[in-house]
Amino acid sequence: MPFYLGFDASTQSLTAILIEVDGGRRGVAALDTFRYDEELPQYGTRHGAIRGPEPGVVTSPPAMWAEALERMIARLARAHPREVAGLAAVAISAQQHGSVYLNASGAARLSTLDPRHPLAPQLEHAFARPVAPIWMDSSTTAECEAIARAVGGHEILAARTGSRAFERFTGPQIRKWATEAPAAYAATARIDLVSSFLTSLLIGAPAPLDPGDAAGTNLMDLSTRGWWPEAAQATAVDLATRLPAVVDARTIAGPVSSYWQRRYGLPPARVVVGTGDNPSSLIGTGLVTEGHVAVSLGTSNTLFGLVAGTRPTGLRDGHIFGAPTGGFMGLTCFANGSLARDHVRDRYRLTWEGFSDALRHTPPGNHDALMLPWVVPEITPHVALAGVHRLNLDERDAAANVRAVVEAQMMTMANHTDWMGVSIREISATGGASANPEILQVMADVFGATVSRLSTTNSACLGAALRARHADVVATGGADDWRSVIAGFVEPAGTVQVQPSPAAAARYVDLRRRYTAFEDACVSGCSADAE
Ligand code: XUL
């Protein structure tokens, strides 16, 4: 009986899902999560990342991701030997934009890993740069401007690559490092994204990238789905030779390497090219046809959906990425997701139950009290300096502050997604906070849309397992049929549906305008109280 394994290497944790497909019988055979801060404290991360030393710099240790992957595989092999032995295919989903810098011996090491020893120590001398800048990094504004200037402006960059230059995107990150550390850049043989790094570890060879993750670099030409030479040139010397190849998202990157076979008894299962967590969530939320959007409430909040053709001109807020189904997806990303919700919960010493209670006992619209919850620098809209700003909101009123943070997150998402040109009537909610029905009620009311919560909050990871299944079916001559792949996994079974209240929805029409005015005022220099 075939089993499929998906991993999601997110900002704060690594999750694995094993699914089984036996004719019409489909189900999740195992689900396990590994939190970096708690299980690998020796790497010194907080929420999976290390901030500083300079303002805006946020990195993670790539060795930590490798060690987490090994520990997770060891755990799965121990707890589920039968399922692991029956693995047909595997896929990685990973936080987007982060980059891993391997030197020549590191790239060669991938194929000579010794199964008698753990993985991480064997990678000790593999990195040309010991840390990986991640998507939360906001320190590359100067590089964004330089790259945009070199290719003829942000509009041209957006038309070609699907995004104007963004601080967290891999190209600006590479440019900064190549300028600051030219010798170390010269000694870099290969620059991976997190998804291709982990896929390389699984196959024991340099792995390619899919157009979903490759589009998060400001380097991929949407029309060719290959690297855009002008952008590569504007970013760093001889960059193209250091980047993985971009291949169709259904490509089998290779079999699981002999390292994993010998050390943990894995079979030579097919490893599908990896992708970013958002493209993977597109599959895990079942958005395989146009017209629906999903909202993921994780470390970041994201809103995404398949789009017809591309709408890249003049993009200010959003991005076009390749979709795992072959077309394109639109996405807008907000950095202040779970960290902002946690900040308010912790500040008022609430439990999640107390947080929900506050939402239940405060009115939609919050008596016009507003908050801009920028606990970390914000991506959308671009805000370089973190700060929590309040308007008509008493800082001492815990319940009003809880409602304010949730309303702010929903209103900013609704306001900044017009560019997708989708009239949003239905939203699939995913990510950790989608388990909270009170938060989903605010989402439904602000968007004036029906919100469905799927039975898993882990859609990126489920999406990886489903991508593995899809690629395996296609590789063995089966039909390229996403609907039948997702059937039984992301269908309404067990779905919770939340309807908007017409009165509350009407209330937000006006409040969204006020929120925009407050946001605009703060973006151009806020005078309100900042925390
Ligand atoms: C998307 C983005 C985030 C990361 C977090 O553009 O930056 O959603 O992928 O995992």
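The values are calculated or read from the model by the stated rules, or taken from the named source; none is laboratory data. Given the structure is predicted, the values throughout are model-derived calculations rather than measurements. Virtual Cβ from ideal backbone geometry, glycine too; neighbours counted across all protein chains shown. In case anyone asks, the SASA skips ligands and DNA or RNA and just uses the protein heavy atoms, side chains included. Shrake-Rupley method; radii C 1.70, N 1.55, O 1.52, S 1.80 Å.
Here's the yes/no breakdown for (1) of a type in the set (G, A, S); (2) closer than 30 Å to V273 by Cα; (3) in contact with a Phe, Trp or Tyr (Cβ under 9 Å, 6 or more places away or on another chain):
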{"site": "H382", "(1), (2), (3)": "no, no, yes"}
{"site": "A399", "(1), (2), (3)": "yes, no, yes"}
{"site": "S423", "(1), (2), (3)": "yes, no, no"}
{"site": "E438", "(1), (2), (3)": "no, no, yes"}
{"site": "L462", "(1), (2), (3)": "no, yes, yes"}
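So if I check each of R71, R51, which one is among the basic types (K, R), under 28 Å from I283 (Cα atoms) and modelled with pLDDT of 95 or more? Spell out the reasoning first.
Details: R51 fails: under 28 Å from I283 (Cα atoms).
Being among the basic types (K, R), under 28 Å from I283 (Cα atoms) and modelled with pLDDT of 95 or more holds for just one of R71, R51, which is R71.
Filter segment 211-228 down to residues that are out of contact with any helix residue (DSSP H, G or I) (no Cβ under 7 Å at 6 or more places or on another chain) and either surrounded by fewer than 24 Cβ atoms within 10 Å (Cβ to Cβ) or part of a loop (DSSP other than H, G, I, E, B) (or both), then give me how many there are.
3
Evaluate segment 53-76: report whether one residue or more is within 16 Å of the ligand (Cβ to nearest atom) and within 23 Å of G488 (Cβ to Cβ).
The answer is no, given that none of the residues of segment 53-76 is within 16 Å of the ligand (Cβ to nearest atom) and within 23 Å of G488 (Cβ to Cβ).
Report whether or not A294 is away from the ligand (no atom under 16 Å from the Cβ), of a type in the set (G, A, S) and assigned to a strand (DSSP E or B).
On the way: away from the ligand (no atom under 16 Å from the Cβ): no; of a type in the set (G, A, S): yes; assigned to a strand (DSSP E or B): yes.
It is false that A294 is away from the ligand (no atom under 16 Å from the Cβ), of a type in the set (G, A, S) and assigned to a strand (DSSP E or B).
Working carefully through the options A253, A245, find the one that is over 21 Å from G162 (Cα atoms) and either at pLDDT 95 or above or touching a strand residue (DSSP E or B) at 6+ places or on another chain (Cβ under 7 Å) (or both).
Sole residue among the options that is over 21 Å from G162 (Cα atoms) and either at pLDDT 95 or above or touching a strand residue (DSSP E or B) at 6+ places or on another chain (Cβ under 7 Å) (or both): A253.
When segment 410-446 is examined, which residues are found to be without any contact (Cβ under 8 Å) to a residue 24 or more places away in the chain and of a type outside the set (A, V, I, L, M, F, W, C)?
D418, S423
I'd like the full set of residues that are more than 14 Å from the ligand (Cβ to nearest atom) and either buried (at least 24 other Cβ atoms within 10 Å of the Cβ) or outside any loop (DSSP other than H, G, I, E, B) (or both), limited to segment 324-351.
Looking only at segment 324-351, we keep the residues that are more than 14 Å from the ligand (Cβ to nearest atom), and these are 324-328, 340-351.
Listed by number, the residues that qualify are P324, F328, A340, R341, D342, H343, V344, R345, D346, R347.
Do we have any residue at all in segment 361-371 that's among the β-branched types (V, I, T), at pLDDT 95 or above, more than 15 Å from the ligand (Cβ to nearest atom) and open to solvent by 10 Å² or more (accessible area, probe 1.4 Å)?
At the first step, the residues of segment 361-371 found to be among the β-branched types (V, I, T) are 362.
Within this subset, residues satisfying the condition of being at pLDDT 95 or above are 362.
Then keep just the ones that are more than 15 Å from the ligand (Cβ to nearest atom); that gives 362.
From what's left, open to solvent by 10 Å² or more (accessible area, probe 1.4 Å): 362.
Checking segment 361-371: at least one residue is among the β-branched types (V, I, T), at pLDDT 95 or above, more than 15 Å from the ligand (Cβ to nearest atom) and open to solvent by 10 Å² or more (accessible area, probe 1.4 Å).
Kindly evaluate A308 against the criterion of being at pLDDT below 95 and farther than 27 Å from D510 by Cβ.
When the stated conditions are applied, A308 passes them.
Only one of these conditions is not met by L14: (1) out of contact with any Gly (no Cβ under 8 Å at 6 or more places or on another chain); (2) away from the ligand (no atom under 16 Å from the Cβ); (3) at pLDDT 95 or above. Which number is it?
(2)
Restricting attention to segment 168-200, which residues are part of a helix (DSSP H, G or I), under 18 Å from A215 (Cβ atoms) and of a type in the set (F, W, Y)?
Across segment 168-200, the qualifying residue is only F197.
In the list V307, V344, which residue meets the criterion of being under 18 Å from A294 (Cβ atoms) and of a type in the set (A, V, I, L, M, F, W, C)?
Details: V344 fails: under 18 Å from A294 (Cβ atoms).
The match here is V307.
Would you tally the residues in segment 205-225 being out of contact with any Pro (no Cβ under 9 Å at 6 or more places or on another chain), away from the ligand (no atom under 16 Å from the Cβ) and of a type outside the set (S, T, Y)?
Residues flagged as out of contact with any Pro (no Cβ under 9 Å at 6 or more places or on another chain), away from the ligand (no atom under 16 Å from the Cβ) and of a type outside the set (S, T, Y) within segment 205-225 amount to 1.
Tally up the residues in segment 429-457 that are hydrophobic (A, V, I, L, M, F, W, C) and over 17 Å from T417 (Cβ atoms), please.
5
Would you check if A63 is crowded, with 21+ Cβ neighbours inside 10 Å, in contact (Cβ under 8 Å) with a residue 60 or more places away in the chain and either under 30 Å from A142 (Cα atoms) or within 24 Å of the chain's Cα centre (by Cα) (or both)?
So A63 fits the description; yes.
Any idea how many residues of segment 374-421 are more than 16 Å from the ligand (Cβ to nearest atom), open to solvent by 10 Å² or more (accessible area, probe 1.4 Å) and within 18 Å of S296 (Cβ to Cβ)?
Result for segment 374-421: 1.
When you scan segment 201-210, how many residues do you find that are open to solvent by less than 10 Å² (accessible area, probe 1.4 Å) and either within 19 Å of E143 (Cα to Cα) or part of a helix (DSSP H, G or I) (or both)?
2
Considering only segment 152-166, state which residues are touching a residue at least 60 places away in the same chain (Cβ under 8 Å) and open to solvent by less than 20 Å² (accessible area, probe 1.4 Å).
Those that are touching a residue at least 60 places away in the same chain (Cβ under 8 Å) and open to solvent by less than 20 Å² (accessible area, probe 1.4 Å): L157, A158, T161, G162, S163, F166.
Which of the residues belonging to segment 259-308 are over 28 Å from V442 (Cβ atoms) and open to solvent by less than 20 Å² (accessible area, probe 1.4 Å)?
Y259, W260, L266, A269, V271, V272, V273, G274, T275
Can you tell me which residues in segment 446-461 are open to solvent by less than 10 Å² (accessible area, probe 1.4 Å), closer than 19 Å to L359 by Cα and in a helix (DSSP H, G or I)?
Hit for segment 446-461 is V446, nothing else.
Quick one: what pairs do we get from segment 9-30, first residue within 15 Å of V490 (Cα to Cα), second within 16 Å of the ligand (Cβ to nearest atom), C-beta under 6 Å, 6+ apart or different chains?
Filtered contacts from segment 9-30: I17/G6; I17/C461; I17/L462.
Considering only residues that are assigned to a helix (DSSP H, G or I) and open to solvent by 10 Å² or more (accessible area, probe 1.4 Å), which ones fall in segment 85-109?
The answer is A85, A104, S105, A107, A108, R109.
Do we have A464 as at negative phi and open to solvent by less than 20 Å² (accessible area, probe 1.4 Å) here?
When the stated conditions are applied, A464 passes them.
Hey, does segment 232-255 have a residue that's free of Cβ contacts under 8 Å to residues at least 12 places away in the same chain and open to solvent by 10 Å² or more (accessible area, probe 1.4 Å)?
Within segment 232-255 (the criterion being free of Cβ contacts under 8 Å to residues at least 12 places away in the same chain and open to solvent by 10 Å² or more (accessible area, probe 1.4 Å)), the answer is yes, since at least one residue qualifies.
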